[in-house]
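> This is the structure I want to talk about, given as structure tokens.
The values are calculated or read from the model by the stated rules, or taken from the named source; none is laboratory data. Keep in mind the model is a prediction, meaning the values are calculated, not measured. Cβ: placed from backbone, ideal geometry, glycine included. Neighbour counts: every protein chain shown.
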Number of protein chains: 2
Amino acid sequence: MAGSDRPTSRDVARAAGVSQATVSLVLGGKWRGRVSERTADAVRRAAGELEYRPNLAARSLRLGRTRTALLVVPALTHEYFARVYTGAARVADEHDFGVVLYPSPEGTGPARDPFGSARAAIDGVIASSMAADALSGIADGGLPLVMLDSGPGAAGGPPTVDLAVADGIRQVVRHLVGLGHRRITHLAADVDTWTFRVRAQTVREELAGVAGAELATERCELDVGPARAAAVRALTAPGRRPTALLCDGDVLAAGACKAARGLGLRVPDDVSVSGFDDLSLATALDPELTTVRLPAEDVGARGMSALLALLDGAPTPPTELPVHLIPRASTSPPPTD
Amino acid sequence: MAGSDRPTSRDVARAAGVSQATVSLVLGGKWRGRVSERTADAVRRAAGELEYRPNLAARSLRLGRTRTALLVVPALTHEYFARVYTGAARVADEHDFGVVLYPSPEGTGPARDPFGSARAAIDGVIASSMAADALSGIADGGLPLVMLDSGPGAAGGPPTVDLAVADGIRQVVRHLVGLGHRRITHLAADVDTWTFRVRAQTVREELAGVAGAELATERCELDVGPARAAAVRALTAPGRRPTALLCDGDVLAAGACKAARGLGLRVPDDVSVSGFDDLSLATALDPELTTVRLPAEDVGARGMSALLALLDGAPTPPTELPVHLIPRASTSPPPTD
DNA sequence: CTGTTAGCGCGTTCAT
DNA sequence: ATGAACGCGCTAACAG
């Protein structure tokens, strides 16, 4: 166990020939006119020589704060949440904060209490796409909380950072309608969260104002296989076949494309397919997906900023981030009968 | 700031009418025959009433350990590393350990020192796919270290967890050769790490033993766009066109498929394409990719286990995890001239 | 069987 | 301008 013992601030003090308090002041950056320039320099040199690093456990204990936030996500393997983390971690880093992840099991139901042991070690929580009831434990604990993708909260509730999903869906619908599509099937994710409820509702509302529009809906799990099956149902349902499949996510769109090909239909010539998320998958597919770009990193970044503001007692107005339609090759005018 | 002050073990002790040490023993689970059943029960009840949670900072300071591991990954947005994290976190959780992520910038070169502040707060490091020199800072610090996907280390070096990538490549080559392919281009990731060096070398070696085999190589960045460009170069190079593209990853394979289609070639009828990783992308594509499944979660899990063993002073033999070829629809016999 | 004591490393106050 | 002393909450030793 060589070199297992690290130097403490006392070691630095001894090496620099000063007291512990002086070391703390100098390294803490609050010595303006309290410690002479010469001594301050000696301290810094000694700290450098010894490769001194403050003991975070001791600091946290003394200060009562940990400079660590907990990010609760449904599934890290999904690229969207990985990006959210990346954004949150970047902002945290700029403020000497850390971010630890808590992937809530299965993303549904009141997750196993993430705070049994963690509560003591974190200053606040950023929760992404969680059902409100799963967060009751946090609110009870009086831990500062920011909610992501959960919809605008109540007046006195936690700060929120949301995506303009309704607007995103509107852009997709107008894009499809503008191309001439009237028979559209919504391939909906079978997940009961705010963001997906809004998508379903907005598709309905927006299409209700279009003359001759026919909307159908197929629900499925958020995975390629189930999406493919749902798309097959949609494309083989009795009556006239839909000319466009509006999917709740790029993953579903991938399944839809496979279904179309399997039925001998070409995308986009016979059926148009739109996605949502703009994952790297969207451009890996052929044809590339028309989809809606979500600023995932910004969501994480704004979430972290909101938490920092909350901890500072600063105002935290609700945030809504704009999203943009990215037209690509998977949509085109419908076939002429 | 309601309820911001949490109860301490002293509060629990007072409420239960015992001493602080008794609380510590009972809640720490080491009171067999040292505290009476009745008192223990009173302590637990009091702790429950007060919703007591031990202060982790204080515990860490006292014990000198944090029960936290640092996982260094090149890029979290890549599904593979997200899975590695998931596996590591699962094993960590089973041992009341936490895992914090450090995404090393750009995944190349000696990363910015992740330990400036973190070193003090972690018990050990699990580093994935890092260049050896980027890890010198860790080894110097005497911090327990486990290396992932870095190849078998020196005798006295850190424990390693590797994938049997050479065997995986061999399975792919034999699969292609078995189908009848002889002109094969290796679409290689332009990344200088052990795992990719091994892949290139194994392709060469394995194909060297096949009569009439012709190997070409195209290098590119690990992304769809560059892969597509590289595949176009491969498929339009002077001389007879290769009948199979052996790609270093599913992402590259996706680019290769797009390139083939763009040139009017069908996959797999005109050209076979194989991937590596078995990401969810592999089955999202059409045709589904023949690829090699990597047990990413197991890598993370074994890495964490190795670190725990290392911390316990237990032996940590090098681990190599098997990988398996998953034949799907993107490979078939070569076209008959 | 239980309580008392000491100290982990740090940041802060008070006294020099 | 600097040093001595204290306590954050916890656990491991030792007394009783």
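> Could you tell me whether the range B:154-165 includes any residue that is more than 17 Å from the chain's Cα centre (by Cα), in a helix (DSSP H, G or I) and either assigned by TED's automatic domain parsing to the domain that holds residue B:267 or not β-branched (Val, Ile, Thr) (or both)?
no
> Testing residue B:163 on (1) touching a helix residue (DSSP H, G or I) at 6+ places or on another chain (Cβ under 6 Å); (2) away from every other protein chain (no Cβ under 14 Å); (3) in contact (Cβ under 8 Å) with a residue 60 or more places away in the chain, one condition comes back false. Which one is that?
So residue B:163 meets the others, but not (1).
> Within the range B:1-94, considering only helices (runs of 4 or more DSSP H) that don't extend past its boundaries, which have at least 2 residues that are more than 16 Å from DNA strand D (Cβ to nearest atom) and over 39 Å from the mean Cα position of the chain (by Cα)? Reasoning before the result, please.
Working: elements: B:9-16, B:20-28, B:37-50, B:56-63, B:79-94.
The qualifying helices (runs of 4 or more DSSP H) are B:37-50.
> Can you pull out the residues in the range A:8-29 that are closer than 24 Å to residue A:95 by Cβ and in contact with a helix residue (DSSP H, G or I) (Cβ under 9 Å, 6 or more places away or on another chain)?
A:9, A:23, A:24, A:25, A:26, A:27
> Can you tell me which residue is nearest to the other protein chains (Cβ to nearest Cβ) among those in the range A:1-18 that are within 13 Å of DNA strand C (Cβ to nearest atom) and loosely packed, with under 13 Cβ neighbours inside 10 Å?
A:4
> Being small (Gly, Ala, Ser) and part of a loop (DSSP other than H, G, I, E, B) is the filter here; which residues of the range B:303-330 pass it?
Listed by number, the residues that qualify are B:313, B:314, B:329, B:330.
> For the range A:54-103, which positions are touching a residue at least 60 places away in the same chain (Cβ under 8 Å), facing chain B (nearest Cβ under 9 Å) and charged (D, E, K, R)?
A:79, A:83
> Please return the ranges of strands (runs of 3 or more DSSP E) entirely within the range A:204-287 where 1 or more residues are within 14 Å of chain B (Cβ to nearest Cβ) and in contact with a helix residue (DSSP H, G or I) (Cβ under 6 Å, 6 or more places away or on another chain).
A:244-247, A:272-274
> Let me ask you something else. In the range B:269-289, which residue that is farther than 22 Å from residue B:82 by Cα and buried (at least 24 other Cβ atoms within 10 Å of the Cβ) is farthest from the chain's Cα centre (by Cα)?
B:271
> For the range B:44-78, enumerate the residues that are within 9 Å of DNA strand C (Cβ to nearest atom), more than 30 Å from residue A:87 (Cβ to Cβ) and hydrophobic (A, V, I, L, M, F, W, C).
Selection gives B:58, B:61, B:63.
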